[in-house]
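The structure appears below as structure tokens.
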Amino acid sequence: MLLVKNAEIYAPEYLGKKDLLICGGKIECIQDSIRELPVECEVLDAEGKILTPGFLDQHVHITGGGGEGSFHTRTPELQMSELVENGITTVVGLLGTDGITRSVDNLYAKTRVLCEEGVSAYMLTGAYGYPSPTITGETDRDIVFVNEILGVKLAISDHRAPNVTGDQLVQIASKARVAGMLSGKPGIVVLHMGDNKDGLAPVFRALEVSSVPVRIFRPTHVNRNEKLLEEGYEFLKRGGYIDLTCGMHTSPGECVLEAKKRGLPTEHITMSSDGHGSWSNYAEDGSLLEIGVSGVDALYKELKYMVQVLGMTLEEALPYMTCQVAEGLDLLGIKGTVAEGADADLLLFDQDLTLDTYVARGKIFMKHGEVIRKGTYEK
């Protein structure tokens with residue numbers, strides 16, 4: 001058991017100064033004061049600290065991404081300590097452009113590695129291409145029978161996309177939705193959005209000609225250019241979800257402020273890092289100009305930017321990487337919140353938002369800024 005004393009709690013809503021008892025990886029109780037306990041318990045004094053839920057990063061290339069500049073541009077696998085140092089207690093892994101030399105099987109294995117090392121890890125089947133690479137041979141069977149798989153990945157409106165037809169997009173979404181219904185999962189289609197002029201038009205057309213609910217489509221990288229962002233605001237207006245990538249054209253925090261200025265609902269806005277994916281710029285003839293790799297630190301940096309530069313309160317900024325992500329993944333009440341019965345995935349910050357302590361599933365991985373639990377082969 002772990003007893004956290006005197007923490008200033010943002011759940012993400014502000015709860016004030018409380019004590020918090022963790023037992024069996026869950027938050028057992030939250031009270032103004034928890035005094036004597038009948039059993040031995042580790043005590044963590046959080047006086048002067050801010051306590052929040054751990055971050056959920058729903059777009060990380062945990063086995064590495066990239067490769068568009070030949071084999072030497074394949075990005076490396078994620079290491080456990082990267083999640084710890086950047087406050088990510090729940091991660092969703094996925095493939096990117098390369099669904100050939102990187103497999104869904106390998107992605108599953110890495111997902112299990114992270115779970116066994118102590119964080120919560122999920123994944124998507126599929127990649128950029130179509131037909132989608134899978135484990136069982138069908139995307140819907142993957143979602144139903146593989147516990148960690150929440151949905152399917154696909155790329156549209158990108159020069160690297162498979163250029164699926166409207167009918168194929170509807171079929172992919174319909175299969176994911178039914179699979180989600182059968183397995184109690186979100187059954188989502190995460191859409192990598194590129195810079196092509198079509199933007200979200202294929203999704204709008206799919207919604208017009210089918211009865212697939214708007215919540216099934218989850219476009220990401222929506223803030224990569226102004227036209228796509230405008231379509232993203234329209235998608236929000238229609239009840240859809242949009243995922244904003246940290247470090248792209250317009251900062252996610254600035255997008256949130258613009259959405260609020262327009263009177264748009266922001267409850268379906270989420271943020272992610274695209275960590276360990278490659279970023280790239282291309283010439284008009286399609287030749288590669290430059291390539292690099294994104295870090296999972298982008299989410300934590302964006303939180304600090306939203307609070308310290310854009311002037312948002314911590315209570316306003318946190319939901320986009322905690323409870324709203326959890327809600328979109330059908331994990332709310334378990335993840336993304338500080339509440340009795342929720343998983344004990346918690347962060348302690350100094351008042352300047354320096355990360356001090358990291359707790360995942362009730363275990364301390366970082367204390368006073370020092371990582372004390374790492375991945376199996378990390379030094």
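The values are calculated or read from the model by the stated rules, or taken from the named source; none is laboratory data. Everything numeric here is computed off the predicted structure, so don't read it as measured data. A quick note on method: Cβ atoms are made from the backbone with ideal geometry, for glycine too, and the neighbour counts reach across all protein chains shown. These accessible areas exclude ligands, DNA and RNA; they are computed on the full protein's heavy atoms, side chains included. Shrake-Rupley method; radii C 1.70, N 1.55, O 1.52, S 1.80 Å.
What full-extension length gain, to one decimal in nm, is calculated for residue 258 and residue 233 as 0.36 nm per residue of separation minus the Cα-Cα distance? The partial results should precede the final answer.
Details: separation 25, 0.36 × 25 = 9.00 nm, distance 0.94 nm.
Stretched fully, the residue 258-residue 233 segment lengthens by 8.1 nm.
Decide, for the stretch 94-196, between rounded, prolate and oblate: order the square roots of the alpha carbon gyration tensor eigenvalues as a ≥ b ≥ c, take rounded if a/c falls under 1.5, and otherwise choose prolate if a/b is larger than b/c, else oblate.
In terms of gyration-tensor shape, oblate.
By accessible area of protein heavy atoms, probe 1.4 Å, what ranking do 102, 35, 262 get, highest first?
35, 262, 102
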FRET efficiency, 1/(1 + (r/R0)^6) with R0 45 Å, evaluated for residue 15 and residue 163 via beta carbons: 0.35
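Say R0 is 45 Å: what FRET efficiency, to the nearest 0.05, do residue 363 and residue 281 get from their beta-carbon distance? Intermediate values should be presented prior to the final figure.
Details: r = 41 Å, r/R0 = 0.91.
After rounding, the FRET efficiency stands at 0.65.
If you average the sequence gap of Cα pairs under 8 Å that are 6 or more apart and divide by the length of the chain, what percent do you get for the contact order? Let's see the in-between values first.
Values: 902 pairs, mean separation 75.6, N = 379.
Computed value for the chain: 20 percent relative contact order.
Using just the helices of the chain, give the 222 nm mean residue ellipticity in deg cm²/dmol: DSSP H runs with n ≥ 4 each add -39,500 (n - 2.57), and the total is spread over all residues, rounded to 500. Could the numbers behind the result be given before it?
Values: 10 runs with 97 residues, N = 379.
Result for the chain: -7500 deg cm²/dmol, rounded to the nearest 500.
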Amide H contacts under 5 Å for residue 44, restricted to residues at least 5 apart in sequence or on another chain and with H modeled in the peptide plane, are 3, 4, 5
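How fast does the stretch 29-145 diffuse by Stokes-Einstein, in µm²/s, taking the Kirkwood radius from C-alpha pairs at 25 °C and 0.890 mPa s?
On the way: Rh = 16.8 Å.
The diffusion coefficient I find is 146 µm²/s.
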For the stretch 304-336 and the stretch 194-246, compute the distance between their C-alpha centroids and round to whole Å. 21
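Taking the Cβ-Cβ separation of residue 249 and residue 77 as r and a Förster radius of 35 Å, what is the calculated FRET efficiency to the nearest 0.05?
On the way: r = 27 Å, r/R0 = 0.78.
That pair, residue 249 with residue 77, gives E of 0.80.
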Assuming a ≥ b ≥ c are the square roots of the Cα gyration tensor eigenvalues, decide whether the stretch 286-335 counts as rounded (a/c under 1.5), prolate (otherwise, with a/b larger than b/c) or oblate. oblate
Computed over the stretch 197-260, the relative contact order (Cα-Cα under 8 Å, seq sep at least six) in percent reads 32
Once you've got the Cα coordinates, tell me which of 197/237; 110/153; 49/110 are over 29 Å apart. 49/110
What is the distance, in nm, between label points placed 7 Å from the Cα along the Cα-to-Cβ direction at residue 109 and at residue 313? 4.9
Need one word for the stretch 228-379: rounded, prolate or oblate. Basis is the Cα gyration tensor (sqrt eigenvalues a ≥ b ≥ c); a/c below 1.5 gives rounded, then a/b vs b/c decides. oblate
Between residue 45 and residue 171, what length comes free when the chain is fully extended (0.36 nm per residue of separation minus the Cα-Cα distance, one decimal in nm)? 40.1 nm
At a 1.4 Å probe radius, which order do 153, 175, 5, 197 fall into by accessible area, largest first? 197, 175, 5, 153
The summed charge of the residue 23 Cβ neighbourhood (under 14 Å; Lys/Arg +1, Asp/Glu -1) stands at -3
In terms of the charge dipole of the chain, which places +1 on Lys and Arg and -1 on Asp and Glu at the beta carbon, the residue among 334, 282, 162 farthest towards the positive end is 162
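Largest first, how would 237, 18 line up by accessible area (1.4 Å probe)? Walk me through the intermediate numbers first.
Working: 237 130, 18 45 Å².
Largest accessible area first, the list is 237, 18.
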